[in-house]
Amino acid sequence: MSEVKLSAETRTEFGKGAARRIRRENKVPVVLYGHGSDPLHLTLPGHDLLLALRTPNVLIALDIDGKTNELAIPKAVQRDPLKGFLEHVDLLLVKRGEKVTVEIPVHVEGELAPGGNLLEHVLDALPVETEATHIPESVTVSVEGLEAGASVLAKDITLPSGTTLAVEEDAVVLQVLAAQAEETEGEAAEEEAAEA
């Protein structure tokens, strides 16, 4: 689990105009909330935050105005739909040793059984409960030799120690589908003639 240190400044201006001014300065408006405290409105350096958010469930160590230090994880990220820059980020305040519920990416390794079968990702990310400072980056599932009709359930996935499922054990994460044979034009015409 990587921890990224960022310097944050409290902000006193709110609204669209203020947010635009903040983004013009290559910063991002952020709200930090959690633990029953009042939401704290901050600005963070845009480029550094963008790099930090490339890691799923990154732990961010915030140095707020050089006075206080807080730990947070990203809860909601709003990006510009066309240009992709960060418009706004919500951060959730966490403490060392505290359990949090997050979604971790599911990576697949291995080859399916021969026959042109397809692998469907029912869940791209697996909801788990884990310690805030030890969030796994991902889980890897082997699909080696699985045939059509096979499924991988949440309970079948090996989780790192200290991490538990936050979803039903019988939830389907991956399933193997049989390849659909494509009809040729001649077969489709023969079927229509037989029906007529």
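Observations on the structure shown:
- In region 133-166, the residues that are surrounded by 14 or more Cβ atoms within 10 Å (Cβ to Cβ) and under 15 Å from the mean Cα position of the chain (by Cα): 135, 136, 137, 139, 166
- The one condition in (1) in contact with an Asp or Glu (Cβ under 8 Å, 6 or more places away or on another chain); (2) over 20 Å from residue 75 (Cβ atoms); (3) not acidic (Asp, Glu) that residue 105 fails to fulfil: (2)
- Options 129, 147: the member that is under 26 Å from residue 77 (Cα atoms), among the acidic types (Asp, Glu) and touching a strand residue (DSSP E or B) at 6+ places or on another chain (Cβ under 7 Å): 129
- Residue match in region 38-51 (condition: open to solvent by 10 Å² or more (accessible area, probe 1.4 Å), closer than 20 Å to residue 66 by Cα, in contact with a strand residue (DSSP E or B) (Cβ under 7 Å, 6 or more places away or on another chain) and free of Cβ contacts under 8 Å to residues at least 24 places away in the same chain): yes
- Residue 110 of a type outside the set (Phe, Trp, Tyr) and either open to solvent by 80 Å² or more (accessible area, probe 1.4 Å) or touching a Gly at 6+ places or on another chain (Cβ under 8 Å) (or both): yes
The values are calculated or read from the model by the stated rules, or taken from the named source; none is laboratory data. Since this is a predicted model, take the numbers as computed values, not measurements. Glycine gets a Cβ as well: all are built from the backbone with ideal geometry, and neighbour counts include every protein chain shown. All accessible areas refer to the heavy atoms of the entire protein, side chains included, with ligands and DNA or RNA removed. Shrake-Rupley method; radii C 1.70, N 1.55, O 1.52, S 1.80 Å.
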